[in-house]
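Engineer: I'd like to ask you about the structure that follows.
Coordinate-derived values only; no laboratory data. In this text, all values refer to a predicted model and were calculated from it rather than measured experimentally. Backbone-built Cβ (ideal geometry, glycine too); neighbour counts: all protein chains shown.
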């Protein structure tokens, strides 16, 4: 079920929060909407679910305008960032949505049991839903949305509130859960690592506007400007006449066709090598030294390079609006 934005503008208190002239979210795929806090990501979800009405334009869900009524009620399942449950057991909360949509009791119980098992909360089905830990509540919140088996599933920061191990575990499980129970899935996150792990398609949002949209690999490989490259996780460095974007892990110690001077902040011995963090022209970067190489001292300078064809280049003034420190560089090669 495709989701199409046509000239959509949303404002709050007279302030524009979302402006999407043209965007199509493809059906039967997982699309991640990523960007910093306050970028307009949740507003985008809310207008799809007809919880907010745009000041201008319209959103089409499955060919029909997204307004409150039977179509959106039956088409959309929404897991809000903050899990809020009604009084009763976890099972009762999971079955409530299907019950309101007329699903028979046997099918409701089957769905709840199946999804609870897949989400790792089968042992919590009889627990008071309002007495769950943060991690348990997030899993139950996800399970409640997946129980609906809706054509469109909207997930707003599904990993928020989870600690490190819980977050990593849920991130590893989520793609399989979405394949099993989802159809058209839209996930909001501010974490690009989560976006890369979950997305088939990626939409990058900042300041209420869509900066890039398309298949994940295509968006990551060819950001349209330096600011979007920084949002995607690139280290954006200022060379002589251009901004140069390096993907994490591309930079290595040594010299080459493109060489930069890194000021070392810290060097930590890790299994298999030394992790060195520092800055190039004020931009945080990290490189790994091979095992046996002496760790550099804090404050020292380290030459780092990137293989030809791995840097993305933006002429200064053509979208490279970031104000970064100047990087020392030589002979930056042509790239994508």
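Engineer: Of all DSSP beta bridges in the chain, what percent run antiparallel (nearest 5)? Write out the running numbers ahead of the final one.
Structural biologist: Details: 56 of 76 bridges.
Of all bridge pairs located within the chain, approximately 75 percent are antiparallel.
Engineer: Turning to a different aspect of this structure: By how many nm would the segment from residue 37 to residue 275 grow when fully extended, if each residue of separation counts as 0.36 nm and the alpha-carbon distance is taken off?
Structural biologist: Taking 0.36 nm per residue and subtracting the Cα distance, the gain is 82.8 nm.
Engineer: Need one number: convex hull volume per residue for the chain, Cα atoms only, in Å³. Display every interim value, and only then the final one.
Structural biologist: Working: hull volume 52.2 nm³, N = 336.
Cα convex hull per residue, to the nearest whole number: 155 Å³.
Engineer: Same structure, new question: Please list 59-67, 150-158, 93-101 highest first by mean number of surrounding beta-carbon atoms within 10 Å per residue.
Structural biologist: Taking the mean over residues of other Cβ atoms within 10 Å, the ranking is 150-158, 93-101, 59-67.
Engineer: Further, regarding this structure: Taking 7 Å along the Cα-to-C-beta vector as the label spot, tell me the residue 22-residue 84 distance in nanometres, rounded to one decimal.
Structural biologist: 3.8
Engineer: A further question on this structure: Looking at segment 112-260, what % of its DSSP beta bridges pair antiparallel, to the nearest 5?
Structural biologist: Values: 10 of 15 bridges.
Bridges in segment 112-260 are about 65 percent antiparallel.
Engineer: For the chain, what relative contact order do you get, as a whole percent, if you take Cα pairs closer than 8 Å and at least 6 residues apart?
Structural biologist: Details: 737 pairs, mean separation 55.3, N = 336.
RCO, the chain: 16 percent.
Engineer: Please give the peptides 17-25, 291-299, 269-277 ranked by average Cβ packing (other Cβ atoms within 10 Å per residue), highest first, as a rough proxy for protection. Don't skip to the end; give the middle numbers.
Structural biologist: Numbers: 17-25: 18.7, 291-299: 11.7, 269-277: 13.8.
For the peptides 17-25, 291-299, 269-277, the packing ranking is 17-25, 269-277, 291-299.
Engineer: What Kirkwood radius, in Å to one decimal, follows from the Cα pairs of segment 177-221?
Structural biologist: For segment 177-221, the Kirkwood estimate is 11.4 Å.
Engineer: Continuing with the same structure: Within 10 Å, count the other beta carbons around each residue, average over each peptide in 231-241, 208-218, and list them highest first. Could the numbers behind the result be given before it?
Structural biologist: Working: 231-241: 20.6, 208-218: 17.3.
With the highest mean Cβ count within 10 Å placed first, the list reads 231-241, 208-218.
Engineer: Also, quick follow-up: Helix 164-181 against the longest principal axis of the chain: what's the angle in degrees, Cα atoms only, rounded to the nearest 10?
Structural biologist: Compared with the principal axis, the helix lies near 60 degrees.
Engineer: Using alpha carbon coordinates only, what is the Rg to Rh ratio of segment 16-154, with Rh defined as the Kirkwood radius? Don't skip to the end; give the middle numbers.
Structural biologist: On the way: Rg = 16.1 Å, Rh = 16.3 Å.
Result for segment 16-154 is an Rg/Rh of 0.99.
Engineer: I want to check the label-to-label distance for residue 15 and residue 99. Put each point 7 Å from Cα in the C-beta direction and report it in nm to one decimal.
Structural biologist: Label at residue 15, label at residue 99, 4.1 nm between them.
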